[in-house]
Amino acid sequence: MSQEQHFSSLLSQRGARTAACRDFLYDKMVQVFSNMYHPENNPKGIVNLGTAVNSLMEEEVCQRLNRGDAFRVMAHHLHYANFSGIDELKEAVADFLNRHFKPLEPITPAKISTMCGATGCLDGLAHVLCDSEDVVLTPTPVYSRIQTDFLDVANVKVEPLELLDEEDFEDRTFSLQPEAVERHVKELRAQGRRVRAFVLVNPQNPLGEVYSPALLTQLLNVCARNDIHFIVDEIYGLSVHDENTEFRSVLSLNLPDPKRTHVIWAMSKDFGLAGLRVGVILSQCPGVHEFFHNACLFRTIPWIVQHAGATLLKDTVWCDEFYLPTYRRRLAHNYHMACDRLEAMGTRVRRGSAGLFIWFSVKSFLCPVTMEEEGVLLQEILDGGLYIVQGKVLYCTSPGWMRLVFTVTEKELDEGLDRLRAVLAARKLRLAMKEP
Ligand SMILES: Cc1ncc(COP(=O)(O)O)c(C=O)c1O
């Protein structure tokens with residue numbers, strides 16, 4: 001009996017379906033969180049370079065939030081307010097993103113709703129734009145919760161558009177071709193499926209790629225031509241570590257179908273504030289903000305937390321002159337250090353420009369090069385005291401890819417990389433001994 005059938009004797013069908021959903025990352029994370037590495041308190045614990053957490057500026061962000069103005073309770077925080085976001089937060093987000101995303105049309109509070117993290121925003125958009133059983137298309141490999149965020153509650157199917165581990169004419173692997181998106185939409189429609197949206201993560205997770213304005217425009221045009229929504233998750237928009245790369249929000253481009261273009265951003269990654277659960281939806285689609293106004297009644301971000309987020313974003317000097325430049329410097333430093341060490345171990349890094357992670361290949365350590373062997377190696381790495389994420393979990397169909405998060409303290413990163421080197425060296429030796 002499936003778990004869903006087991007639950008359905010007591011629960012509703014939809015309750016049983018959601019209860020039976022399982023996040024691919026869940027099992028390993030339970031193991032990791034119950035035995036987390038700490039240099040003094042638990043040095044033998046597991047180093048977590050799997051979860052996309054940004055602790056590069058933890059101390060500074062805590063200091064800013066503890067200054068006294070952010071978490072100060074005022075009488076109006078005790079009462080009801082606008083559930084889709086208090087004016088103070090919407091104004092602060094509009095101001096902040098007008099400076100950093102440089103939209104062609106200024107972002108105004110009326111175009112913003114707020115929800116619990118980007119996760120809440122994706123679930124909300126799944127509800128307001130799609131019906132149960134509708135299909136959205138997303139390029140893979142991808143942050144695997146895109147799948148669960150659309151499916152678990154809204155029951156919207158995410159159809160992968162597989163990016164290939166093959167070099168294109170510019171010698172890039174996993175390249176995204178707008179023609180392939182259009183072809184896939186047409187194929188799905190020919191099968192009688194209702195394709196409602198194209199979902200893009202930009203900068204991409206796990207590739208760390210920043211898509212160019214030219215490519216984004218082509219993708220926007222494909223969506224406009226086919227009357228499908230363009231949802232873009234720009235949660236890593238300010239986490240660019242390559243000084244030669246400029247991130248361009250789609251809002252800074254000429255939008256062929258503005259009513260069907262929706263942008264998500266959150267404070268979880270660029271500010272390392274996943275615990276605050278401040279996510280925002282920027283949309284000009286009639287009805288979207290009315291939907292969030294009603295839906296947010298059930299899951300609003302507490303006012304005091306909204307006030308804290310707004311206080312930080314409103315502090316222009318702290319954000320623009322201190323936080324962002326310092327953060328980007330540390331991001332670049334850790335990124336280059338980790339890439340160099342990974343390459344010195346014999347892995348192949350696919351260089352990216354943004355994000356908190358490195359996408360690298362361990363194919364040369366697999367024999368045979370299969371998903372099963374990838375899983376065996378991942379377990380060896382975990383047994384060696386390090387948690388990273390295997391490509392399979394991120395919907396990569398080419399075996400031998402892994403994602404490593406580098407935005408932890410240098411001590412933790414060093415320790416994690418030492419452990420990885422030890423596991424890979426032992427494996428290399430075993431493979432060499434097997435060779436005739
Ligand atoms: C692309 C992407 N979107 C959304 C999230 C989740 O964001 P939040 O914590 O704001 O829900 C993540 C977290 O890893 C992510 O990588």
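A few remarks follow.
- Residues that are assigned to a helix (DSSP H, G or I), in contact (Cβ under 8 Å) with a residue 40 or more places away in the chain and closer than 22 Å to R329 by Cα, drawn from region 47-77: E58, E60, V61, R64, L65
- Any hit, region 110-118, residues being more than 16 Å from the ligand (Cβ to nearest atom) and modelled with pLDDT of 95 or more: yes
- Residue pairs whose Cβ atoms lie under 7 Å apart, separated by 6 or more positions or on different chains, with the first residue in region 219-239 and closer than 19 Å to S175 by Cα and the second of a type in the set (K, R) and away from the ligand (no atom under 16 Å from the Cβ), are C223/R260; F230/R260.
- Region 124-175, subset polar (S, T, N, Q) and either away from the ligand (no atom under 15 Å from the Cβ) or in contact with a Leu (Cβ under 8 Å, 6 or more places away or on another chain) (or both), residue farthest from N202 (Cα to Cα): S132
- Segments classed as strands (runs of 3 or more DSSP E), wholly inside region 221-294, with at least 3 members that are within 30 Å of T326 (Cβ to Cβ): 261-266, 278-283
- Of all residues in region 372-399, those satisfying the criterion of being buried (at least 20 other Cβ atoms within 10 Å of the Cβ) and in a loop (DSSP other than H, G, I, E, B) are G385, I388, Y395, C396, S398, P399.
- Pairs linking a residue in region 133-150 that is modelled with pLDDT under 95 and part of a loop (DSSP other than H, G, I, E, B) to a residue that is more than 12 Å from the ligand (Cβ to nearest atom) and of a type in the set (A, V, I, L, M, F, W, C), with Cβ atoms under 6 Å and 6 or more positions apart or on different chains, are S144/F24; S144/V393.
- Condition met for V369 (at pLDDT 95 or above, β-branched (V, I, T) and surrounded by fewer than 17 Cβ atoms within 10 Å (Cβ to Cβ)): yes
- Filtering region 155-169 to residues that are out of contact with any Pro (no Cβ under 6 Å at 6 or more places or on another chain) and without any contact (Cβ under 8 Å) to a residue 60 or more places away in the chain leaves V156, K157, V158, E159, E166, E167, D168, F169.
- Filter result (of a type in the set (V, I, T) and within 16 Å of the ligand (Cβ to nearest atom)) within region 261-309: V263, I264, V278, V280, I281, T300, I301, V305
- Residue in region 400-436 that is nearest to the chain's Cα centre (by Cα), counting only those that are farther than 22 Å from P206 by Cβ and not in a helix (DSSP H, G or I): E435
The values are calculated or read from the model by the stated rules, or taken from the named source; none is laboratory data. In this text the structure is predicted, and so the values were computed from the model without any measurement. Quick reminder, even Gly has a Cβ in these numbers, built from the backbone with ideal geometry, and neighbours come from all protein chains shown.
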